[in-house]
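The values are calculated or read from the model by the stated rules, or taken from the named source; none is laboratory data. This one's a predicted model, so the numbers in the text were calculated from it and none came from an experiment. Counting neighbours? That spans all protein chains shown, and the Cβs are built from the backbone with ideal geometry, glycine included. Just so you know, the surface numbers come from the protein's heavy atoms only, side chains and all, with ligands and any DNA or RNA stripped out. Shrake-Rupley method; radii C 1.70, N 1.55, O 1.52, S 1.80 Å.
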Amino acid sequence: MRVLQFPLIKITGCFVFGLLFAHYAKPPFLVALIALILSFIAIVIVYFLPSKSIFPNNYFGFVALFTSFTIGVFTLVSSDQTRNKLHYMHSLSAQYQNYTATITIKEKLKNTTSNDRYVAQMITLNGKESYGKVLLNIKKNLSIPSFEIGTILKVKGSFNKNRNPNNPNQFDYGGYLENQQIYGQLYVEPSDIQKGSSTEKGIAYCASLLRNKIIRNLEKNHFHKSELSVVVALILGQQQDISPEVVRDYQYAGAVHVLSVSGLHVGFILLFITYLLKPFPNTRNGSILKLIIVITFLWAFGILAGLAPSVVRSVTMFSFVAIGMYLRRSINIYTTLAVSALLILLFQPSFLFDVGFQLSYVALYFIVWLQPLLASAWNPKFKIVSYFWDIITVSFAAQIGTFPMSIYYFHQFPGLFFVTNIVILPGMSVILGLGVIVMLLAAFDWVWMPLLLILEWSIWLLNKIIAWVASFENFVFKDISLHFYSMWGLYLVIFSVIIWIKKPTYRKFIVVLFALIILQIIAIPIKYYNEKAEEFIVFNKQRTSIFTERIGDKITVFSSEDLENNANANLVLKSYLVANYCSIQKKKNIPNLLYFKNKKILVIDSSGAYLEKERPDILLLINSPKINLDRVFENWKPQKVIVDASNYKSYCKAWKATCAKEKIPFHDTAEKGFFKL
């Protein structure tokens, strides 16, 4: 099937290219608006102009695709909330300064070890009207309960703008937040919070109340906590309370998709509601009524599950499937995928940069495109064997499609994913069915204990199976390096091979060979750069000093602590090593003097001792040395002063002031992130 023949797919593709162009090129709003207006004028002229000799028919298609591109550009540019003059980013004067803000709680996030976290909407900042989403961090206090969605708070605390990653090749959490229109974080103490007398009531507020009511009713009936956290994730889409150990087991077993509400869950809801509506007449009015009921239930479920990107995508897509079912029209699945993506991105263009959204659509596309080819390789005679064969082929199709992207983002691959799916997918329909019934009953303050116990035991068994599969860690391939361009080269190879296998021809085989050559060509400059790269990095790690000297793919690590027993420090280094195809060759204690590329680096540690006769290019301060920089600078002045996160903040503040007075560049890793020479 030639997918690109469908017009809606071409339109969606051009729209997505417009979003990508706007994301990377960042055109001004006025330019995007003018381009959009001109494209609309062009398409009207081409469509209504009677003389076809001036504009041939194919011109209309080209102009339509260009219009779709400009709509994509304008959609992303216009969605930038910082254009609003009331946005809080225009009112921030300094990093870490204390602010007083009035905010509304919009979403509860997974807590950290030290903070309870929420997404909040700004109402006022320092007494003035304000606007924009902010990440609220409240220092943990067991005496203060969690705040409900819609709660209005008056808080006082420090306001931090999003920053670049603290260490090289680390996950860019600031960029992730900005894709969700969150540009800063508030850090507050529980004592600096005043709860408002009113509550902002809306759909999210009502959905949150219903979710909390269901959870409370299940807790009252002694539903075990670890099993409850999983069933709440499965049915209600809330993953905040799942333990890191359970999440890790699901990741290693290749079943982490089960924990987030997706097409599997929404598809079951559709089938379940369709089954319940069988008594309705199949007349025209009856079909329309059933369609309205189905779509209403699907979106009600989506709202209850928190409208995460995977939920919105699944509910939108299955809404189109339901339209096709009840209006007795065959809707092409590729068109369904394209239209659902187009509608979602029109309203939430930032979803395009959500990893879950990307993986969901890639997995779905490969299931639709590749699974029939894999299934045709064998035609089992028995239904039970055919059922499990379908599960295997669906699993392999999804994994083949998401393999390059998964390696690029997560640097690991679960080798036993097909075992996991064979074991758990047949039972998932039972678990989801029980879960939906139990949740519905709990919503009406009624819990039937036999059904509750069966569900609890089913989740317990599911977790045990997942933990058993995850225990075979040798089948989890970790720390796999893959460059961004290599990922696209790998996709080119996968697509060309599948197209060739579907209908082998000599030309298609040549295309496969060219794809392999392109993949190797991509690898050449990456390998060349890695072999020639030389850099010295001061990492940002609290209470620990870590430096690395890189020559090609060989790393020498200098550290003030034993890295073998410091898991967090090793984690910081691992992301750097994996992303740059490097390995640690030597581990050394930190000396007082280092040389790198004709630069002399003097290190002063807690002892405060230093080599007075040396004239270093760079001064590096670690472990809070008690020195007076004014006195040091009387003898010599370095080109730059660097302090890492092992120093006291008060010391860093004093050193920064001294360097500013002497006009010497100052780099604090706790403020600016890692330093690279």
Evaluate E = 1/(1 + (r/R0)^6) for Phe60 and Lys586, where r is the Cβ-Cβ distance and R0 equals 51 Å; express this FRET efficiency to the nearest 0.05.
0.20
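Shape of segment 153-237 from its Cα gyration tensor (a ≥ b ≥ c, root eigenvalues): rounded if a/c is under 1.5, otherwise prolate when a/b > b/c, or oblate?
Oblate, since a/c reaches 1.5 and b/c is not below a/b.
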Enumerate the calculated ³J(HN,Hα) couplings along segment 401-411 in order (Karplus 6.51 cos²θ - 1.76 cosθ + 1.60, θ = phi - 60°), each rounded to whole Hz, writing x wherever the residue is Gly or Pro.
x, 8, 4, x, 5, 5, 5, 5, 7, 10, 6
Cα centroid separation, segment 366-385 to segment 418-490 (Å):
23 Å
Express in whole angstrom the spacing between the alpha-carbon centres of segment 124-148 and segment 74-92.
20 Å
Would you mind calculating the gained length between Ser606 and Thr112 on full extension (0.36 nm times residue separation, minus the Cα-Cα distance), in nm to one decimal?
174.7 nm
Given only helices, namely DSSP H runs of n ≥ 4 each adding -39500 (n - 2.57), what is the per-residue ellipticity at 222 nm of the chain, to the nearest 500 deg cm²/dmol?
-17500 deg cm²/dmol
Can you tell me how much longer the chain between Arg507 and Ile41 gets when fully stretched, taken as 0.36 nm per residue apart minus their C-alpha distance, in nm with one decimal?
163.6 nm
The chain - accessible surface per residue (Å², probe 1.4 Å)
53 Å²
Simple spin-label estimate for Asn221 and Lys161 in nanometres, 7 Å along Cα-Cβ:
5.2 nm
Using the structure shown, select from Lys201/Lys290; Lys161/Lys656; Lys110/Lys195; Lys110/Lys225 the pairs with a Cα to Cα distance greater than 24 angstrom.
Lys201/Lys290
Taking R0 as 51 Å, what's the FRET efficiency between Tyr651 and Leu30 from their Cβ-Cβ distance, rounded to 0.05?
0.60
Quick one: go through segment 494-513 and flag any residue whose amide nitrogen is under 11 Å from the point 7 Å out along the Cα-to-Cβ line of Leu373.
494-504
For Asn628 paired with Asn570, estimate the spin-label separation in nm (one decimal), with each label point 7 Å from Cα along the Cα-to-Cβ line.
4.5 nm
For Rg/Rh (Cα atoms, Kirkwood Rh), several values are listed as [x] 1.07; [y] 1.04; [z] 0.99; flag the one computed from this structure.
[z]
Hey, any idea what % of the chain's accessible area is carbon plus sulfur with a 1.4 Å probe?
62 percent
Cα-based reach from Lys85 at 16 Å (exclusive), listing lysines while leaving out same-chain residues under 8 positions away:
Lys128, Lys133
What is the packing order of peptides 651-658, 665-672, taking the mean over residues of other C-beta atoms within 10 Å and listing the highest first?
665-672, 651-658
